[in-house]
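So the structure is just underneath, and the comments pick up after that.
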Amino acid sequence: MKFWKYSTNVLATLLAVVSLTQAGGPTDGDAVADPNSAVVKLTSENFASFIEENPLVLTEFFAPWCGYCKMLGPEFSKAADSLNESYPKIKLAQIDCTEDEALCMEHGIKGYPTLKIIRDGDNKAAEDYQGPREAEGIVEFMIKQSLPAVITHESFADLNSFIDEQSKPFVLQINPTAEGNATFIKVANQKRKDYNFVSVEDKKIIKELGKKFKNSDITGKKPSYLIVQPDQFDDVAKFDAKKTLDVESLTEFIQVEAVPYFGEINQNTYMTYMTSPLPIAYYFYKTPEQRDAIAEDLTKLGKKYRGKLNIVGLDASLYGRHAEVINMDPEIVPLFSIHHIADNKKYGVNQTEYPEGPSFDVIEKFVEDYFEDKLKPIIKSEPLPTEEEKSANPVVKLVAHNYDEILKQLDKDVFVKYYAPWCGHCKKLAPIWEELAEVFGSNKEDANVVVADIDHTNNDVDVPYNIEGYPTLLMYPANGKIDKKTGLREPIVFSGARDLDSLIAFIKDKGALGVDGVELKAKLQEAKEAQEDEEDEAEAEAAKEAEEKKEEKESADEEEEEGEEVEHDEL
Ligand SMILES: *[C@@H]1O[C@H](CO)[C@@H](O)[C@H](O)[C@H]1NC(C)=O
Ligand SMILES: *[C@@H]1O[C@H](CO)[C@@H](O)[C@H](O)[C@H]1NC(C)=O
Ligand SMILES: *[C@@H]1O[C@H](CO)[C@@H](O)[C@H](O)[C@H]1NC(C)=O
């Protein structure tokens, strides 16, 4: 799941950049919509009644200080006014999360601005708005949203030409009951941006349609739900009539069956693939020609592995950085790779061997090997530290290659700092962490307390804890209970103040061995002082200068951190 979040961010960041530049660069407006505009201000007082009374509401959850919110504010006002003139039933509303924290928590708001579409007062079925962020685009998008999600046709001829036009799979309802119809409409509303939803009730049209779909029993009296791939009428997926039709089951059916044999991953389809239970195979391409050249073969392959593997194209000129997330080199494209999302294992066609991209034969063989369990996953790891590095660094450096070995020293208390190179709080903690490691003599064979760290962005490792930010400090107590999934000990998370004394107290308190660092620290200090006395004045002076530099650096880090926090909060 962690990958999932990270990776969503990768795409989200890229997409934000793209749409910003298209909008002509940042303008510094007011995040709060013009009070004279048609934007409605919602609070916990009026929220429920407002969405109850209005069939289609685009809500913006925002904070007045957030940069993207400032850019959106004026556009949002303009869009609301324009809609108020021509489509007064479509409402735009704002919720200031700094004023109404509880309301925003209730909606699971994690970043600003977050936009949601709420229909018919159904809060729970709110969908994330992923449309444009300038006035005209918002208006157009919302008008589309207000049209019926389910398409119907007056005659078979109309339906037939509609079917012939489709280049994506679509969902077909035939001969529904009123109840089934209601379910279908609900799901269609939620998934309308991904698929076309078509309903046929007219008996004559159903009969004609039956001739088109040669082998299915759709012309019977029972309702049926089908996924139709473009131009594949002998091969429709049918919802199992023995199953209860409800929003969940129909959604799941669509999720598995309606993805194209060879699809495309982008901002609109990303969630569909990431929430699918199937592994995903990527073909990264640089030009449309590269994609076209292999599309037919990959479509066949996708058909062969239907229900086992989702195969997608990815436009590397837009989302190339995603290669890093799946442990591939973004510079060598085309590339082919399989990501087993459930256990976060990544496999890729060797990029050194195929610098010009793999041929289809190579890909086909690769997929076959994958399903025969013949491939080794690509584990991202920094190199193992050398002996020299080990003795120079009081902190035990973990990388993917030595992680298990060190964490499986079960007779020791192992205290690990998971960090990211870009994180300001991590940099600030680094010298304290070093001191801590020094106090416990962690880099020596006989240490009872191993103070370690790992760059979590550059090493693929299992963590029996859901890391939500860096640094995360986890204590694996000696002889602790084993977590079944990872085979590692169940860790205890440190959430106190990040200073030396608090960390030392935590190790005594939560470590299974109860090692008291206070004494060790005093001894270490004595030893250091004795050494310092021997040093001449010039050296002391140099040390002082260094200390000043360090302080300067720390305050620089602090500034950096502030900038970072703002970045984190925005999506
Ligand atoms: C919305 O439209 C109505 C009807 O045209 C108008 O009376 C009203 O002033 C408009 N509201 C705003 C805030 O512009
Ligand atoms: C399904 O919903 C549509 C749109 O509301 C309606 O026109 C149609 O009659 C409904 N069909 C059934 C069987 O309820
Ligand atoms: C990829 O191929 C190169 C060249 O044949 C080889 O040296 C390298 O070890 C391969 N990489 C992996 C991960 O198998």
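The values are calculated or read from the model by the stated rules, or taken from the named source; none is laboratory data. Note that the coordinates shown come from a computational prediction; the quantities given were computed from them, not determined experimentally. Backbone-built Cβ (ideal geometry, glycine too); neighbour counts: all protein chains shown. Areas reflect the complete protein model, heavy atoms only, side chains present, ligands, DNA and RNA absent. Shrake-Rupley method; radii C 1.70, N 1.55, O 1.52, S 1.80 Å.
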* Is there a residue in the stretch 50-64 that is open to solvent by less than 10 Å² (accessible area, probe 1.4 Å), farther than 30 Å from E468 by Cα, in a helix (DSSP H, G or I) and within 13 Å of ligand 1 (Cβ to nearest atom)? -> no
Here the residues within the stretch 393-427 that are over 25 Å from V325 (Cβ atoms) and open to solvent by 80 Å² or more (accessible area, probe 1.4 Å) are E405, K408, D411
Per the filter on the stretch 244-281, residues of a type in the set (V, I, T) and closer than 23 Å to A295 by Cβ are I254, V256, V259, I265, T269, T272, I280
Of the residues in the stretch 85-133, those that are more than 28 Å from Y270 (Cα to Cα) and either assigned by TED's automatic domain parsing to the domain that holds A188 or open to solvent by 80 Å² or more (accessible area, probe 1.4 Å) (or both) come to E85, Y87, K89, E99, E101
query: Being within 16 Å of ligand 3 (Cβ to nearest atom) and open to solvent by less than 50 Å² (accessible area, probe 1.4 Å), is that true of even one residue in the stretch 353-361?
result: yes
Taking the stretch 324-340 and the residues there that are open to solvent by less than 60 Å² (accessible area, probe 1.4 Å), out of contact with any helix residue (DSSP H, G or I) (no Cβ under 7 Å at 6 or more places or on another chain) and in a loop (DSSP other than H, G, I, E, B), the one that is farthest from ligand 3 (Cβ to nearest atom) would be I326
Subset of the stretch 263-307, residues among the aliphatic types (A, V, I, L, M) and open to solvent by less than 60 Å² (accessible area, probe 1.4 Å), comes to I265, M274, L278, I280, A281, I294, A295, L298, L301
(1) outside any helix (DSSP H, G or I); (2) more than 25 Å from the chain's Cα centre (by Cα) all hold for W422 apart from (2)
Of the residues in the stretch 296-323, those that are on the phi < 0 side of the Ramachandran plot and in a loop (DSSP other than H, G, I, E, B) come to Y305, R306, K308, L309, G320, R321
query = Condition test on V367, is it away from ligand 2 (no atom under 16 Å from the Cβ), open to solvent by less than 40 Å² (accessible area, probe 1.4 Å) and either outside any loop (DSSP other than H, G, I, E, B) or touching a residue at least 60 places away in the same chain (Cβ under 8 Å) (or both)?
reply = yes
- Message: Scan the stretch 295-309 and tell me whether some residue there is closer than 18 Å to A188 by Cβ and of a type outside the set (A, V, I, L, M, F, W, C).
- Response: no
Taking first residues from the stretch 230-242 that are under 15 Å from P169 (Cα atoms) and second residues anywhere that are acidic (D, E), the pairs with Cβ under 8 Å that are 6 or more apart or on different chains are A237/E257
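Give the residue, chosen from V247, V200, V236, that is hydrophobic (A, V, I, L, M, F, W, C), away from ligand 3 (no atom under 16 Å from the Cβ) and under 23 Å from K303 (Cβ atoms).
Values: V247 fails: under 23 Å from K303 (Cβ atoms); V200 fails: under 23 Å from K303 (Cβ atoms).
Just a single option satisfies the conditions, and that option is V236.
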